[in-house]
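Each remark here refers to the structure printed beneath this line.
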Amino acid sequence: MNRSLSLMLLAVFCILIGCSTAPVQKEPIIPAKRPVSEYVRPDVTYTIEAHDPWEPMNRRIYNFNAIFDEYVFLPVVRAYEYVLPDIAQTGVSNFFKNLTEITNLTNSLLQFKIVKAVNTFGRIMINTTVGLGGLIDVAKTVDGIGRENEDFGQTLGFYGLGPGPYLVLPILGPSSVRDTTGLVADTIVYSLMMQELIGHLGMNDTQEEILNYSLTGLYAIDKRHTESFRYFMTGSPFEYDLIRKLFLLQREFLIDN
Amino acid sequence: MKSIVQMLVSVLLLGIPGGTAAAYDYPFQDPYVATIIGTPAEFQPKMPEKIDYDLLNVKVFPERTPPDVFWYQRDFRYSLSYQQEEAPLIFVIAGTGSSFHSSSMIFFQKLFYQAGFHVVCLSSPTNMNFIVTASESSVPGDTVDDAKDLYRVMTQIWEQVQDRIKVSDFYLTGYSLGATQSAFVAKLDDEKQVFNFKKVCMINPAVSLYTSAKILDDMVLRALPGGPDTFDAWFKQIFKKFSEFYKIMSHQDLTHDFLYEAYRAIHKTSSPQQENMAGMIGTVFRLSASNMLFTSDVMTNFGLIKPKNMVLGSADSLTGYLVVANRTSFVDYFEELFYPYFQSKRPGLTKAGLIERLGLRSIDAYLRDTPKIMLMHNADDLILAPEDLAFLRDVFGARAKIYPFGGHCGNMEYRDNAAYLLDFFKN
């Protein structure tokens, strides 16, 4: 992403998040007929509740993400889907899935999940060679070896670290303090690997930089392309709460497996 | 009974086509299983995996701005799939709480599109987007008012798309609550004559909304012998299981679609109990009810769950309200918001009078005398009281196609049902 665009996005983001739109209270508040204070008991933890001390900020970021999605991300993704034939889109998805196997491999090893590590290693070998640099998922279609799902957030969870507060990341969406830490670690490993790979192509610095940015951009587009979620289409005024809980429960499940 | 359920579920899970050479081969004869499982893909008609459609918006009330807490509901959303050449246009109305984009709606969109129709999919008047952007009162449930709201939106949609597509005739259909509403829309159209619907098909309509709502409320209670306080524990079980099996972000409709899928996941390993299945169906509708109730409460500043006059901002927590809303049933909605709201608008309105108004019996004569309306229903539909089925058979006579089983909307995606539906509209 070029620097001025990043700065502009950052500015828009700060405006949206920063300006607290405290609602204007015009008339005196009359207690509800079914008040929360009566129906929600403080000594009970309800299923839908979550550790979310930064909820107002998180909700603002969630809203920002929805706007970003509508005006920036999805139009770009739609253009991408319009231009590229379906088969090429699948190729791109497979290509990035193959590159990000490094995350599955390192984290399977860190958790001593040997079978997962071996499977992932096998997938990388097969898909990089027979699968033409990862464009075709031969390992899955021919050998029936499916993709694992391990990341550093799960590794931290595996060693007993709790999720910490819930966190909605700009553009990326639901996370937690633990999983964001994990994401940073995984991204560093991935970037080091990419630097090493690109370094072998024998390009000059400018070319390398261009390639790097292009790949990052394409990766982001592919990520959004493969994700069918659309903000505020669930038909529930409680979407934020439902997504939050589903996310946290799913992370719990992934750590246990 | 339990062993039949077990057998049926195992048949499904093993993927063995059920039934023998009987007259009607829809695989599930238990209405609870049918309602939850619906129609597995191998029993559906062959359809393309995806079709082209446009997601479009209309601003129904130009002067209306949504409250900050619902800032994202700016326009009414719908989908259009159109043919290049002249073709009939069919409007499809979704069931309780569902959006134009729920899995059943996508089924009908593909089915009709493939059969050569232009298709417009409409969210239910009980869906949040509809309540905020297209309902005049923002208090859904009155079938006459809902029909007016639907008709207004349909007219605006037609104005929006008529330059783009060539339409020969107009048709109308809907399932569940959407079916009940389609009869009222057809009646209104006979007066206003914007579309002059050539044919209308009602799929699994409720006869009396109040009776159906009560039946669905009772289903939740059956699953909660410990009383309404144990709803949370029940809900947790469903929710947790769902998060394990499915990728959270890939679901559009966080009520019907996702809960039924969760249920299927839970019972991959254990056999379902009928009370649990009833509870599941009831819970699905309970979530629709809580979405509807809270949305309506905020829009009207009624003061049922949200304190009256309190203005919620776009970043305010709604979690506490959700806990209260989950404890609230359809009948609570009727008693505590719907009835008092309309009573204040229409002095002299009695509860019995309002209940009478909400259903097909109030337009009995119209339904009898209008041959273009056809009915598809199931003899074991869970939302009907026994006298409702008798009423439908009497009113529709030969225009009623009543299947022996299929539960509530479970068989509407079954290939025989789909073929019958298309045949009705095409011939």
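Quick note: the coordinates plus some simple rules give every number you see, no bench work behind them. Just so it is clear, the model here is predicted, and its values are computed rather than measured. Positions of Cβ are backbone-derived with ideal geometry, glycine not excepted, and every protein chain shown enters the neighbour counts.
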Original post:
Among B:ASP142, B:ASP316, B:ASP388, which one shows the biggest mean-square fluctuation in a GNM of chain B, springs joining Cα atoms closer than 10 Å?
Top reply: B:ASP316
Original post:
Order of A:PHE152, B:PHE100, A:PHE112, B:PHE391 from fewest to most other C-beta atoms within 10 Å?
Top reply: A:PHE112, B:PHE391, A:PHE152, B:PHE100
Original post:
Can you sort B:TRP234, A:TRP54 by how many other beta carbons sit within 10 Å, fewest first?
Top reply: A:TRP54, B:TRP234
Subject >> Other-chain or far-sequence residues with amide H under 5 Å of A:LEU167's (modelled H) >> reply: A:SER175, A:SER176, A:VAL177
Original post:
Most exposed first by the Cβ proxy, i.e. fewest other Cβ within 10 Å, how do A:TYR240, A:TYR39 rank?
Top reply: A:TYR39, A:TYR240
**OP:** Using just the helices of chain A, give the 222 nm mean residue ellipticity in deg cm²/dmol: DSSP H runs with n ≥ 4 each add -39,500 (n - 2.57), and the total is spread over all residues, rounded to 500.
**Re:** -19500 deg cm²/dmol
Original post:
On average, how many beta carbons from a partner chain sit within 10 Å of the beta carbon of a residue in B:292-299?
Top reply: 2
**OP:** Please tell me which of these pairs span more than 28 angstrom C-alpha to C-alpha: A:LYS116/B:LYS240; B:LYS236/B:LYS351; A:LYS33/B:LYS345; B:LYS59/B:LYS345?
**Re:** B:LYS236/B:LYS351
**OP:** Please name whichever of B:PRO340, B:PHE396, B:TYR82 sits farthest to the positive end of the charge dipole of chain B, dipole taken about the Cα centre and charges placed at Cβ: Lys and Arg +1, Asp and Glu -1.
**Re:** B:TYR82
Original post:
Put +1 on the Cβ of every Lys and Arg and -1 on every Asp and Glu Cβ in the protein assembly as shown; which of A:THR128, A:LEU167, B:ALA206 then has its Cα farthest towards the positive end of the dipole?
Top reply: B:ALA206
Original post:
Dipole size in debye (nearest 20) for chain B around its Cα centre, Lys and Arg Cβ +1, Asp and Glu Cβ -1?
Top reply: 140
Original post:
From the backbone phi of segment B:94-108, what are the Karplus-calculated ³J(HN,Hα) couplings (6.51 cos²θ - 1.76 cosθ + 1.60, θ = phi - 60°) in whole Hz, Gly and Pro given as x?
Top reply: 6, x, 2, x, 7, 9, 4, 10, 6, 5, 5, 5, 5, 4, 5
**OP:** Could you check which residue among A:TYR71, A:TYR159, A:TYR46 shows the biggest mean-square fluctuation in a GNM of chain A with a 10 Å Cα cutoff?
**Re:** A:TYR46
**OP:** Provide a whole-number value for the mean count of partner chain Cβ atoms within 10 Å of the Cβ atoms in peptide A:34-42.
**Re:** 6
**OP:** Name the most mobile residue of B:LEU349, B:LEU384, B:LEU177, meaning the one with the largest mean-square fluctuation, in a Gaussian network model of chain B with Cα contacts below 10 Å.
**Re:** B:LEU349
Subject >> Paramagnetic reach from B:GLU63 (point 7 Å along Cα→Cβ, amide N under 19 Å) across segment B:295-310 >> reply: B:299-301
Subject >> Only Lys, Arg (+1) and Asp, Glu (-1) charged, at Cβ; the protein assembly as shown dipole about Cα centre in debye >> reply: 560
Original post:
Rounded to the nearest 500 deg cm²/dmol, what is the calculated helix-only ellipticity per residue at 222 nm for chain B, with -39500 (n - 2.57) per DSSP H run of length n ≥ 4?
Top reply: -14000 deg cm²/dmol
Original post:
Calculated FRET efficiency, A:ALA66 and B:GLN162, Cβ-Cβ r, R0 30 Å, to nearest 0.05?
Top reply: 0.45
**OP:** Could you pull out every residue, at least 5 positions away or on a different chain, whose amide H is within less than 5 Å of the one on B:MET310? Hs are placed 1.01 Å off N in the peptide plane, and Pro or chain starts have none.
**Re:** A:ILE30
Subject >> DSSP-assigned coil residues among trypsin sites (Lys or Arg not before Pro) in segment B:311-356, each with at most 14 further Cβ atoms within 10 Å >> reply: none
Original post:
Okay, which of segment B:196-223 sit inside 17 Å, backbone N to the point 7 Å along the Cα-Cβ direction of B:TYR24?
Top reply: B:202-206
Subject >> Cβ-based charge dipole, segment B:312-354, positive-most Cα from B:THR319, B:VAL331, B:ALA352 >> reply: B:ALA352
Original post:
So what J values fall out for segment B:150-157 if you push phi through Karplus, 6.51 cos²θ - 1.76 cosθ + 1.60 with θ = phi - 60°, rounded to Hz, Gly and Pro as x?
Top reply: 4, 5, 4, 5, 4, 5, 5, 4
Subject >> 10 Å Cβ neighbours from other chains, averaged over peptide B:120-132 >> reply: 1
Original post:
What pairs from B:LYS46/B:LYS401; B:LYS166/B:LYS192; B:LYS46/B:LYS199; B:LYS214/B:LYS306; B:LYS50/B:LYS372 go past 26 Å between their alpha carbons?
Top reply: B:LYS50/B:LYS372
Subject >> For chain A: relative contact order, % (alpha-carbon pairs under 8 angstrom, 6 or more apart) >> reply: 25
Original post:
Amide H to amide H under 5 Å from B:LYS401: which residues, 5+ apart in sequence or cross-chain, H placed 1.01 Å off N in plane?
Top reply: B:LEU375, B:MET376, B:HIS377
Original post:
Within the protein assembly as shown, what percent of beta bridges assigned by DSSP are antiparallel, to the nearest 5?
Top reply: 35
Original post:
So what is the relative contact order of segment A:107-257, in percent, for Cα pairs below 8 Å that sit 6 or more residues apart?
Top reply: 18
**OP:** Using Cα pairs closer than 8 Å and at least 6 residues apart in sequence, work out the relative contact order for chain B, in percent.
**Re:** 22
**OP:** Please compute the net charge surrounding A:PHE152, taking Lys and Arg as +1 and Asp and Glu as -1 over other residues with Cβ under 10 Å from its Cβ.
**Re:** -3
